[in-house]
Every structure is written in structure tokens, then in C-alpha cells.
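Engineer: I have a structure I would like to understand better, so I am pasting it below and will then ask my questions one at a time.
The values are calculated or read from the model by the stated rules, or taken from the named source; none is laboratory data. Quick caveat, the model's predicted, so the values are computed rather than measured. Cβ placement follows ideal geometry from the backbone for every residue including glycine, while neighbour counts extend to all protein chains displayed.
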Amino acid sequence: MASEFAYMTALELRQLLRAKEVSPVALVESTLRHAEAMQPVLNPFVTITADLALDAARQAERAIMSGEGGGRLCGLPVSIKDLTALKGVRFTSGSRTLENFVAPVDAPASERVKREGACVIGKTTTTEFGCKGSSNSPLTGITRNPWSLKRTSGGSSAGAAASVAAGITPFALGTDGGGSVRIPSSFCGLFGIKAHFGRVPIFPAAATPTLAHVGPLARTVRDAALLLGAISGWDARDPFAVAAEAPDYLAACDESPKRLKIAWSPTLGYAKPLPEVVEIAANAVDAVEGLGCTVELVDKVFDDPAPLWMAEFYAGVGTRLKEPLQKSRDLIDPAVLALLQPALDQKLEDYYARVFQRYEFREKVRQFFERFDLLVTPTTPTPAFDVERDLPVELEGEHIVTWVAYTYPFNLCGLPAASVPCGFSRAGLPVGLQIVSRPLRETDIFRLAAAFEAARPWSAARPTIH
């Protein structure tokens, strides 16, 4: 049974809460009922934290009734992906090797949403250590897409996307080390964004500390802006944290995108998208041009940097799992297992050759953005595929993550990147448009995304879950 508040935006709910027209406790109780009802259908949660959420709701209610108002997320339900620490709650990273591990501390993002008054209803599913762009792990099984239960919700922020698309919470926190916020956002018809690397600090250190981001998934651009604003800002525990005041993302949503210079690249020069996906994305780009932006077609932006990304990502995860690799390999996802040992077997000089090539790649991308404010591409080469698979049948033989093609380059260079819903396939599945900005220019993404949302609204479209 859906919550009476399902599919309301966070900003709408916040207005009702502040006006005392809705009780935070009633909202959270309804949300928890909806989460419990959807769990056997979609499987979006590793752990539902009912007591934690209700305690926060009672505190929010006291703050609102006393006139204190609470924080900017006061009384709003949210979930947190199980690659981000939530103190006192199981922290499995989607792995049977950590099935019973309990987080001793809050990650900065968890700490901040709680401080702002949000009510954390649970930890959501992920592929093992975020290693795949699909939605299954040996620990939690399959997470399904609300738009079609036979399709993947995408990965690795699988449960976050499924739960938001199903209307359980208006937004959720995911992580993104190679596209893990953007891929599921594309597959589930959501807006998802990773800010510039270090804009949202991470602690404890991720398995892939030079690639990892924490970011929001939401049904509307402004809801994502609200949540991103709450979690952004410097933290001394993260050596990569951006030491600058975070922009006002919500205010940026009200700014015109006119005169933005935009590069449109259907393939980046190497991706293998379905013609249908390119057609839908190109139609969206026509609408972008109609907003007053200057758009230039760029067939090739750079060569595929997949080897650079793989060397970094899987070496990090392999090091984190080194002991299980030696003593309990049977606990690890076989598809992931096949990638970890080769990464660990890299010679030191070969690994560092990739590190230096990464810096060269980053400089090439920086020079590209001297000509443009934004780059737009499809987010994924296909819509959501069969839930039993790790990659689309059309791309059989590709790597279990790099089939995505469009997303991981921008983790290598740390640029802000988002996925915006831009249409539906002939099978009725969502398709996403990726928007990438210059360094630290998330506001340009919000300017364009909010204007595009107004021109081509998508949030009224809802899946029929059965």
C-alpha cells in the first residue's frame, strides 16, 4: 500500500510540515508502512531503521511545535545507501564479508542530514562495494526497477533509485565512483547528481578514495538541490574536501540558462548507444537549444579512459577485500571476483603509469571545458535491461561497468555530473541525459536542469508497480 504522501516532493512536504498541516511522526509512520510494503516487491533496503526514523520524527515535531523550526530537512524522510556509514547501523557495503559489521561513526553526509532534522528510514541496497552497474549482490539479492519488475534498477545505488522511483521517500543519498548515482537515476526516471569531487566529504575513507562521491537522487531537480545543499561543505576528516563555501543550489535553479555554451556528444567518440537512446537524447538537446543555449555537436571528446578507471577502482576494492580473497573467496560476487585479482596483480610501475596518464586525461578534459560551459551526452547507452543480467544483451562481451561508457570518465577528473530524465523508450522505460560542468560549477547544471524540467516536466509520470 502506497503512503498517502507518496510522490509528494520534499519541498511540498517541508511546506506542510512547517505549516503544521502534517505531523513529522505521521509522515514517517506512513513512509515506513510504504517501505515495508515495497520491500518484498522491489527489495530496496538492506536495513529499515524504524526506531531511528521515529526518534528523529519526534524531535522534529517538538522543534516545529515549539517554533524552533528545526533544520532545512526537518521531518523529511530520507534513505542512505549502504556504502555510507550510519552510526550504530549495519554497514555491509553489499558484501557478505561485512554482513554483520556495524558502523562505529556517522559519515559526514549522514551526520549532516541528521543534524538538519531528516528522518533516516533505512540503508539501501548496493552491488558489492559498488563494483557493478546492475542491481544485485550475493548479500541482498536482486533489487527491481519500479518501471518494470523484470528490469534492473541500475547500480550501484540500486535501492536508493528504486525506493525514490516508487515514491517511498522524495529523495535518497547514493554514492558514485563510476556512475553509481547517474546510472540508476537514468534507469529509474530520476534526477541524480554528483557534485565536484570533495564537495561532499567522505569519511571513513572509501575503498576507492580518489573516485568516490556521495550525492542525491530525487524525483525533481529542486529536491536534489535541497539535499545536496544540506550535505555539501568542508570537513577536516576528508583530505580531498573542497575548502570553499558551497553554492546555493536552490537559488541556481531559478537562474536562466541562456547563453550557456554546450557541447553535445552522442558517443564521446567511443560509446555504443542504441539508436533509440541517441534519438531521445538528441530530441532533448533540441529542447535545450530552445532554452537559449548555444549547442555544438562534438563527435569525439576523448579516447575511452576505461583502463585508467579500472586500474584505480578495482585495485582499491581488491585491497579492501584482500583477506577475503585469500581466505573466503566463495563469499564474493563471482563477477566482481574475476576483476579484483588482475587489479591487485598490477606491477607498481604499470599502476603508476596509469596514475600519470590519469593526470594527462584530466588536463585534456580541462582544456575541453575552456570552450564550453557544459557537456551533454546520453547517461547510459541503453535503457534498463534484464534484472538477471550484469550488462545489456546488446553489449554482451563488454566489461561489467565500462559498458556504461559515459559516466566513469568524470569520476577520473572529478567534475560535477548529473543525469536528467529526458524521455521514455518505446518499451516505456526512462532514458537519461547526462550533464557535465566545469570544475566547481554545479550551479550551471542546476540552471540548465531546472529550466529543462520546466520545459519538459517528468515528475508527474509514475510507474505502475505490479
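Engineer: Regarding ALA343, is this residue under 19 Å from PHE313 (Cβ atoms) and either in contact with a Phe, Trp or Tyr (Cβ under 7 Å, 6 or more places away or on another chain) or not β-branched (Val, Ile, Thr) (or both)?
Structural biologist: yes
Engineer: Continuing with the same structure: Identify all residues within the stretch 313-334 that are surrounded by 18 or more Cβ atoms within 10 Å (Cβ to Cβ) and in contact (Cβ under 8 Å) with a residue 24 or more places away in the chain; write none if there are none.
Structural biologist: Once the filter is applied, which keeps residues that are surrounded by 18 or more Cβ atoms within 10 Å (Cβ to Cβ) and in contact (Cβ under 8 Å) with a residue 24 or more places away in the chain, the stretch 313-334 yields PHE313, TYR314, ALA315, GLY316, VAL317, GLY318, ARG320, LEU321, PRO324, LEU331, ILE332, ASP333.
Engineer: Does LEU440 qualify as being among the aliphatic types (A, V, I, L, M), at pLDDT 95 or above and in contact with a His (Cβ under 8 Å, 6 or more places away or on another chain)?
Structural biologist: yes
Engineer: In the stretch 284-312, which residues are within 25 Å of the chain's Cα centre (by Cα) and loosely packed, with under 14 Cβ neighbours inside 10 Å?
Structural biologist: Those that are within 25 Å of the chain's Cα centre (by Cα) and loosely packed, with under 14 Cβ neighbours inside 10 Å: ASP303, PRO307.
Engineer: Does any residue in the stretch 1-14 that is without any contact (Cβ under 8 Å) to a residue 40 or more places away in the chain come within less than 8 Å, Cβ to Cβ, of a residue that is crowded, with 17+ Cβ neighbours inside 10 Å and hydrophobic (A, V, I, L, M, F, W, C) six or more places away or on a different chain, and which pairs are these?
Structural biologist: Matching pairs, first to second residue: PHE5/LEU13; PHE5/VAL22; PHE5/LEU27.
Engineer: Looking for whichever is basic (Lys, Arg), out of contact with any helix residue (DSSP H, G or I) (no Cβ under 6 Å at 6 or more places or on another chain), in contact (Cβ under 8 Å) with a residue 12 or more places away in the chain and crowded, with 19+ Cβ neighbours inside 10 Å here; the options are ARG426, ARG462, ARG438. Which one fits?
Structural biologist: ARG438
Engineer: Regarding ALA281, is this residue farther than 21 Å from SER156 by Cα, in contact with a Cys (Cβ under 8 Å, 6 or more places away or on another chain) and among the aliphatic types (A, V, I, L, M)?
Structural biologist: Criteria met by ALA281.
Engineer: Quick one: which residue in ARG58, ARG33 is of a type in the set (Lys, Arg) and over 22 Å from THR140 (Cα atoms)?
Structural biologist: Sole residue among the options that is of a type in the set (Lys, Arg) and over 22 Å from THR140 (Cα atoms): ARG58.
Engineer: Which pairs do you get when a residue that is under 24 Å from SER95 (Cα atoms), found in the stretch 42-68, comes within reach of a residue that is part of a strand (DSSP E or B) and of a type in the set (D, E, K, R), reach meaning Cβ atoms under 8 angstrom, with the pair 6+ apart or on two chains?
Structural biologist: LEU42/ARG144; ASN43/ARG144; PHE45/LYS123; VAL46/ARG90; VAL46/LYS123; THR47/ARG90; THR47/LYS123; THR49/LYS123
Engineer: Being among the acidic types (Asp, Glu) and surrounded by fewer than 19 Cβ atoms within 10 Å (Cβ to Cβ) is the filter here; which residues of the stretch 45-62 pass it?
Structural biologist: Residues satisfying the conditions are ASP51, ASP55.
Engineer: Another one. Give the residue, chosen from ALA160, ALA109, ALA172, ALA166, that is over 26 Å from GLY414 (Cβ atoms) and touching a helix residue (DSSP H, G or I) at 6+ places or on another chain (Cβ under 9 Å).
Structural biologist: Residue meeting the stated conditions: ALA166.
Engineer: Out of the residues in the stretch 268-286 meeting the condition of being outside any helix (DSSP H, G or I) and touching a residue at least 40 places away in the same chain (Cβ under 8 Å), tell me which one is nearest to ASP373 (Cα to Cα).
Structural biologist: Per the stated criteria, the residue is LEU268.
One line per residue, one yes/no per condition, for (1) buried (at least 21 other Cβ atoms within 10 Å of the Cβ); (2) β-branched (Val, Ile, Thr); (3) under 20 Å from LEU337 (Cβ atoms):
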site	(1), (2), (3)
GLY397	no, no, yes
THR407	yes, yes, no
PHE410	yes, no, no
ALA418	yes, no, no
